[in-house]
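One structure is given below, encoded as structure tokens.
The values are calculated or read from the model by the stated rules, or taken from the named source; none is laboratory data. Just so you know, these numbers come straight off a predicted model, no measurement behind them. For neighbour counting, all protein chains shown are included, and Cβ atoms are generated from backbone atoms with ideal geometry for every residue, glycine included. To get the accessible areas, we keep the full protein, side chains included, count just its heavy atoms, and leave off ligands, DNA and RNA. Shrake-Rupley method; radii C 1.70, N 1.55, O 1.52, S 1.80 Å.
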Amino acid sequence: LKMAAQALESWVYKFLLREQQVKLWIESILGQTLTNTKDWKYELQDGIKLCSLIQHLSPRLVPKINDPAKTKFRMRENILFFLSACTQLSLAPWNLFEPIELMEGSNLVKVVECLEALGKRCEKLGLMSIGPSSLTQQAKMLISQTNDAEYVSRIKELLKGNRRKRSTLRQAFIDKGLLVHVRCSAPTLTQVPTTDFPLPLLVLVQACLRGFLTRREYVKMVVGRAYRTKVAKEILETERQYVRNLKLLKIYYLDPLRQSIEKGTPLISQHDLKIIFSELEVILNYNATLLQDIEDRLRKWSPNQCLGDIFLRINSSHHKKRINT
């Protein structure tokens, strides 16, 4: 028991060291200082800093950031964006945490372990990673200043709880031969236990697998919807900028040059004016109509709507006019 207690103390110290390394790593990437107290992880609960962290590492992996995240739904969505980005960065499923574990603060140890795994993954990707000696020295100094016995005790309980969960499940698989089967290089049907495999454990494994697959599909759906919305808004903003530029071109160049020709003091000839500006006004009218349709659609935007029919309608209208003329 004494040896086990000493091992646990060593384990807690190593975790506290890793925790401070993760904190310093996040601060170095974001350029922001997190609170120096033991509760710095609670600053991550709305998911905003997590998404900002991913954007600094790889900008295209997060479709949007709900800032401010005033509701739990928006907070959860931010965390799902972060976890999806971690998956795209090839983090293993067992390195990820559940959104509820961060939102309720029920297992912040798992959150730290996930961020640590992300930092190590960044090292392989050539990004700023956890581990520079300067961060280690700073982390050790911060640990030496930690005298909160209650916090250390809570960490001990979480570490023991997480370890107990992993060891219990691992032992259950070993007892029934399932872990041996998974490790076989060339598994055969005869290696799979069938007669004495307990039904409750089998149901538990199936339920866990179904839950994992369902959550994964849900995350894909949420991220996909966010990307669709982001693309739709980008199309709207691009069209606004295009129409704005066309209007400026017409007001400050085409109209004055046309007026100078009508007054008999032309700066350029009518032929040159036609060559330079061609069908500017026609293009402006079509794009103004397109912009109005897109704006109307975006005001009532939902995941079930699209923009393709607007472009098809504009194209069909233009094609009919060309045939008639």
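Label-to-label distance, Ser106 versus Ser316, with points set 7 angstrom from Cα along the beta-carbon direction: 5.2 nm.
Sequentially through the stretch 59-68, phi angles give Karplus couplings (6.51, -1.76, 1.60; θ = phi - 60°) of x, 8, 7, 10, x, 6, 10, 7, 10, x Hz, Gly and Pro residues having no value and appearing as x.
Pairs of lysine residues in the stretch 230-317 that meet both criteria, 8 or more places apart or on different chains and Cα atoms under 19 Å apart, total 6.
In Å², what does the accessible area per residue of the stretch 12-51 work out to with a 1.4 Å probe?
On a per-residue basis, the stretch 12-51 sits at 38 Å².
When the listed pairs Lys23/Lys120; Lys49/Lys220; Lys23/Lys64; Lys49/Lys72; Lys49/Lys70; Lys49/Lys124 are checked against a 18 Å cut-off, the alpha-carbon distance exceeds it for Lys49/Lys220; Lys23/Lys64; Lys49/Lys124. When each of the peptides 66-79, 15-28 is scored by the mean number of other C-beta atoms lying within 10 Å of its residues, the order from highest to lowest reads 15-28, 66-79.
Judged by the mean number of other Cβ atoms found within 10 Å, the most tightly packed of the peptides 94-106, 39-51, 268-280 leads the ranking 39-51, 94-106, 268-280.
What FRET efficiency comes out for Arg60 versus Lys263 if R0 is 56 angstrom and r is the Cβ-Cβ distance? Round to the nearest 0.05. Don't skip to the answer; put the middle values down first.
Numbers: r = 53 Å, r/R0 = 0.95.
Efficiency, from the Cβ-Cβ distance: 0.60.
Along its first, second and third principal axes, ordered by size, the stretch 223-325 spans 59, 31, 18 Å in Cα coordinates. What you get for the stretch 25-92, charging only the Cβ of Lys and Arg (+1) and of Asp and Glu (-1), is a dipole of about 200 debye around the Cα centre.
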